[in-house]
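Read through the structure below, which is laid out as structure tokens, and then see the notes.
Where a number appears in this text, it was derived from the coordinates with a stated rule and is not lab data. The shown structure was predicted, so the numbers you read here are calculated from the model rather than taken from an experiment. For neighbour counting, all protein chains shown are included, and Cβ atoms are generated from backbone atoms with ideal geometry for every residue, glycine included.
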Amino acid sequence: MTGSTDSSSRHVNHRVNFRALARTGGTIALVASLALGLSACGNKSRPKADLAASKVTTIGVNSYLWRASLDALSFMPLLQTDSNGGVIVTDWYANPRNPGERVKVTVTILDQDLRADALRVAASHQVSQNGSWVDAPVQAATVQKLEDIILTKARDLRRSAISK
């Protein structure tokens, strides 16, 4: 009888050890899979699409938004540009076809990401009355249209960088 008790005790001990081994093996497998996943994070090679990621900057702000803003305002004289702060201020511009009106634009890039809410455009409008310039309201659609032009140009620049 003592032999059968020892045999069943050993059997139970083997079962307990098997369960412990299974838990340890599961833990080892989990740790191994996490280590393998983390080792991939150290890989320095990146897919080609990352070269034109939305957060590309060698200046203080998103370079696509910066270049697109400069391009969109290229017909106007620039008064101030600050690529680290993301501010572009134009001087007054009068369309030669309508010299009685003039416009001044300020573009502010607020973020390093290429996003619509990272761009702010403000405009001032003046009209000539009796030889002096008087402030006039700016149509909201005008500012919105300029924002759309800049964002479209920035997205096009990013797409062209991806395709290279």
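Quick notes
- Gyration tensor verdict on the range 116-164 (Cα atoms; rounded if a/c is under 1.5, prolate if a/b is larger than b/c, oblate otherwise): prolate
- Around the amide H of residue 93, modelled in the peptide plane, lie the amide H atoms of 103, 104, all under 5 Å away and 5 or more residues distant in sequence or on another chain.
- Cβ-derived FRET efficiency at R0 25 Å, residue 148 paired with residue 127, nearest 0.05: 0.50
- Subtracting the Cα-Cα distance of residue 164 and residue 115 from their residue separation scaled by 0.36 nm leaves 15.4 nm.
- Inter-label distance, residue 134 to residue 92: 1.5 nm, where each label sits 7 Å from its Cα along the C-beta direction.
- Three-way shape label, the range 49-161, alpha-carbon gyration tensor, a/c 1.5: prolate
- Among 88-97, 69-78, 127-136, 102-111, sorting by the average number of other beta carbon atoms lying within 10 angstrom of each residue, highest first, gives 102-111, 69-78, 88-97, 127-136.
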